[in-house]
Every structure is written in structure tokens, then in C-alpha cells.
């Protein structure tokens, strides 16, 4: 495993932005996760070599932060917020619905490798609860019907453009 | 009382995140018109006069924080913007990051001038993909227009900003945890002292402020600290962004003058509780702040001192509304799960204690609690709070102590009847669209 040319250029630029190259640990991990979908042991070794750090320093970063995956996940990771505002607005029903539609439990991946279901702590979208994150995209004000449509769209590799949060007005 | 729009001074439907739009709103005019005639000390002085208190949650006066920087250090000074918004219920910084990033950038340039920082970092939580994208675009635009880089447009100094993406960790919202994270380490917090102003990022003097605090700086410098101080109350000056969510008819982010009556805000501005239900509880400042009963809220005004007097805290300005018909034990189970999940593993009382708290609340909710559990909960919190390096431990205890105290009957009912009177889950109100 190696960094490609575009990544190498980006790394050279990043080195100018921090006085200590250890600061590149998170950015490089993001770089690899973006390309591969997860950060393998091999990737950890690559980052350690690039930054001249002990491997354990890189490894502990990978395991400590919740957003880095150590293993291959589904193509789309559905992360449904189950913290207070989302819970109050019915996130558990959304989670149950996804489980029954995809026939998986929280933490599992569908047999076709398309979807992994996870729950997440507060994602800062409380005014548009319940919500979930898929990659960089937030899906807000979820209902069962909306979730069905989102899953259909994702199967067809369609993700709508992200827009600023639009708060609802309830009765 | 009319509330001012200092931070939300734009039409939310427009392309307000662009440089072009910000310039139309007289953006960067403070930098190009006021700064050439001001010394760094004068900028610091205006911020001090404004009395603005840190908007991240702790409420420490920003100007005083800045003045803690050592005068005789030959090390570089760093400025960090804390955009790791993670306190459950809080989504107000996201509005600035996504929709008004240039105001934040201008605020950072001004703050950097005041404290003589040449390099600034904006740390944004990894989940905020859209905010990261918008802020990076804005930073790139500002570089192209010469507002960032060497010898800034309209001012004779240099300032660089680097956007740093987090990777999911509540505890990184603590200033020293965030610094460790920028340094490429686990985001565990550091013992204080030394305080960041003396020894922060890369062991250099560092000032770290919340997004909202820094975004308020252009207005403060433009209108003067005294003008800002005249808004709000004596001890809580200025406007505050409030993010309100839960069982409220019109959730969202609002900007109000501090000192605004809470019930007016809830009922007039936010339309009251959904479905005209009765109010059951309010968490006034993010999930870590003690819960209040409706009668506690009757007289409070939205400012630091009034909410403190009621036994809670304004925190990050994240107001959670809980309607009658919701189970408070279940709500606490969600919160204790969160703190257990986010405990970083560094201090034993928090690492072990948050797990115990969750386990006990969970068993009460499942109908397997014992009467002794209530005392057990408060005895555990006594051993966590103020026995940890960072405030996560204290934060985990605030909700536990207050829920048990204010809704004791409901906990006892769970224990005595051996089950949850609300059926063990949250009721989804039909008003939801």
C-alpha cells in the first residue's frame, strides 16, 4: 500500500501547515479512509512510516476516535443518532424500521455488502430530529417512508446535495 | 423586546456563505477600516469592555482569557477556534460554520491581531462534513482575496488559518483534549495548570475560543465594546445563539439578547410545546446541565446568572424541551449511555463510574431497580464529580443528580411497580411531520 500522487502532493502541502508532522496523523487517516473505506493495519504502518512515528502512536489514534473503521464496512454506513433529541422524536422507531427492512441488527452489514447500520451519539442536528448520517451527508427529519426512499436512492448510488438545516414547524 | 441579529444577520435562503454575500453585508470592513487605526491592545481592550463570555459552555469572559497570555514569551502564539460542537442538543455553531463562515474568519483574523497569533486552526468535528466543506471554501476564498496570508488586505500583518477535521470524540470539545487532537494524539485532556494561555498547542501560548465567541468579534470591534455591553444584562452581555429542540413546535437556532424571559422565548418565539402538550421538563444548556421542572422555568431569564440561580446553567445555549408523556428514567438512560460511551478512559472515577451510572439507570428503567439504587446513584456521582482531569466526569453527574432529585417519584414508581409506566420507550407524538 502506498499514497498515490495526488495524496503525496496533499501531504507535502499539509506539512507546511503544522510545525510538527505528528499533527498529520488524523488528516492522513482521513485520506486513507476516504479512498479505501477503512484504515487497515497496513495503512497504519504506512502512516507511521510517512510521519516517522512509532506504529503504536498511529494505532491508538485509529482505535480511540469513533469515526475510523478498522475493518471493511458496507458501502454505505447508516449512522442513526440515538441521543436525547432524536430519541425524544422517535429515533428508536427509525432504527427498528431499518433493522426490519434490511434484515440486520445494529452493528451488522447486509449480505450484499451494501449497508452497515450503526447508532451514533449526538450529531448536532437536534432541531431536525430524528436524523442519520451516511458518509458526509446528513439525512434529517426522518420518517419510515423517507428512510425507504433513501435506501432505494443509495442502492442506485444517488445522494442528494447537502443543504443547510431546515427546521420544521409542528402542530 | 426586539432581539438583535448580530450573528444571524442574513437571509437563510440566500448564498450567505460566499465571500460576495458577506461583502454585501459589509463583511471584512472592520478589518479593512478599523484595524489600520487600532493597536492590538486596543482590540483586546474592546473585547474586554464588551464583557462577552465564552459561548462554548463554560462562560468565561473572553477578553480576560486573552489577557492571560504571557507578555515575555518568545514562543509563537496560536489561536484555535473550537468547532467541535458535541454537547447533545447543541447545533448553533453549525449555523455559523455552514451559513456564515466568513464572519467567523474575520473574527479570527481580528482576534489573531489582538493576541499576536500568526497561525490559527479551526477544529471542526469530523461528522460536520458540510460545515467542513463550507468553511474550507470560505478560507480558500479569503486567501484568494488577500484577507488571509501575508500582509492582509487593509491591514499590515499576516494571518494563516488551517481547517482541521476531528474524528468523533465528545471529550475533544475540552480545550486541552482538542489541542492533543490537533497534535495528532488521542484527544485526552491535560491537567491544568499549566493553562493553555501559558502552555497550549505545541507547548506554546494558545488561546482557544468557541465559534460563536469568535464570530461576535467583528461586531464588537466595529461598534465598540461598550455598545455590545449595553445589550443583555450587566453580567451577561450581548446576544446568544440558542438551539432549541425536543418537543417544541418550532425547533431551530434563534439569536436573542441575553436576559430574555424564558417562557416568552418558548411560547412566543418557539410556539410552545408540540400539540399544546404540557411542559414536563427543560434541560436549559445542553445535556450536561441540570434538568429543571416547569415551575423552575416560570421566572427565569435566559442569561448566565438567572439560570444559575435556578440551579442549572446556560451552558452552550442548547435548550431541550420534554413534554408530558415522556419517561424521565428512559431519558436519563439515554444520557448516561452517552457519557459512558464518551468517557475517554483516562481517569478511573469517570471511566468506571459512568458505566455504573448507566447500568443502574438501565435496570431501574427495565423494572429491576431497588430502592437503594437511588442513593447508590448519588453516592457514585459524589465520587466522580470534581475527581477527574476534565469536566466530562462532572457533566455526567449533573443530569443524574438533578433527574433523581426532581423526578424522584417517577424513579420510585419504576422500582415499586417493577416496570416502566410509559411502556419502556419514547412515545412518538403524532404531530411529527
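Values in this text are rule-based calculations from the coordinates and carry no lab data. Bear in mind that the values here come from a model prediction, so they are computed numbers and not experimental data. Backbone-built Cβ (ideal geometry, glycine too); neighbour counts: all protein chains shown.
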Q.
Considering just Cα atoms, how many Å³ per residue does the convex hull of the stretch B:19-229 enclose?
A. 112 Å³
**Q.** Residue exposure sequence - B:220, A:104, B:322 - by fewest surrounding Cβ within 10 Å
**A.** A:104, B:322, B:220
Q: Apply 1/(1 + (r/R0)^6) to the Cβ-Cβ distance of residue B:68 and residue B:263, taking R0 = 51 Å, and write down the FRET efficiency to the nearest 0.05.
A: 0.85
Q | Separation in nanometres of the label points that stand 7 Å from Cα toward Cβ, at residue A:159 and residue B:23 | A | 3.2 nm
Q: Counting only DSSP beta bridges with both residues in chain B, tell me the antiparallel percent, nearest 5.
A: 45 percent
Q. Which distance in nm do the two modelled labels at residue B:425 and residue A:145 give, with both placed 7 Å along the Cα-to-Cβ direction?
A. 2.0 nm
(Q) With angles folded into 0 to 90 degrees, how steeply does helix B:101-115 sit against the dominant principal axis of chain B? Use alpha carbons for both and round to 10. (A) 70 degrees
Q) For the residue pair residue A:16 and residue A:70, what label-to-label distance in nm results when each label sits 7 Å from Cα along the Cα-to-beta-carbon direction? A) 3.7 nm
Q: Take the Cα of residue B:368, step 7 Å along the line toward its Cβ, and report every residue of the stretch B:386-421 whose backbone nitrogen sits under 14 Å from that point.
A: B:418-420
Q) Taking the Cα centre of each part, how many Å lie between the stretch B:153-223 and the stretch A:21-63? A) 23 Å
Q.
Only Cα pairs within less than 10 Å get springs; with that Gaussian network setup on chain B, which residue of B:390, B:420, B:350 has the largest fluctuation?
A. B:420
Q: Compute the length gained on full extension between residue B:150 and residue B:409: take 0.36 nm times their separation in residues and subtract their Cα-Cα distance, giving the result in nm to one decimal.
A: 86.9 nm
Q: Specify whether the C-alpha gyration tensor of the stretch B:182-334 places it in the rounded, prolate or oblate class, a ≥ b ≥ c being the square roots of the eigenvalues: rounded for a/c under 1.5, otherwise prolate if a/b is larger than b/c and oblate if not.
A: oblate
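Looking at the protein assembly as shown, send over the antiparallel percent of its DSSP beta bridges, to the nearest 5. Can you show the working numbers first?
On the way: 24 of 52 bridges.
Within the protein assembly as shown, antiparallel bridges account for around 45 percent of the total.
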Q: For n ≥ 4 DSSP H runs only, could you compute -39500 (n - 2.57) per run for chain A, divide by its residues and tell me the 222 nm figure to the nearest 500?
A: -12500 deg cm²/dmol
Q) Dividing the convex hull volume of the Cα atoms of the stretch B:239-323 by its residue count, what figure in Å³ per residue is obtained? A) 71 Å³
Q. At a Förster radius of 35 Å, what calculated FRET efficiency corresponds to the Cβ-Cβ distance of residue B:158 and residue A:55, to the nearest 0.05?
A. 0.40
Q: Calculate for chain B the 222 nm mean residue ellipticity that helices alone would give, adding -39,500 (n - 2.57) per DSSP H run of length 4 or more and normalising by residue count, nearest 500 deg cm²/dmol.
A: -11000 deg cm²/dmol
Q: For chain B, find the longest principal axis of its Cα atoms and tell me its angle to the long axis of helix B:392-406, 0 to 90°, nearest 10.
A: 40 degrees
(Q) Helix A:5-15 against the longest principal axis of chain A: what's the angle in degrees, Cα atoms only, rounded to the nearest 10? (A) 80 degrees
Q: Give the relative contact order (percent, whole number) for chain B; include only Cα pairs under 8 Å separated by 6+ residues.
A: 16 percent
Q) With the radius of gyration and the Kirkwood radius both derived from the Cα set of chain B, what is their ratio Rg to Rh? A) 0.99
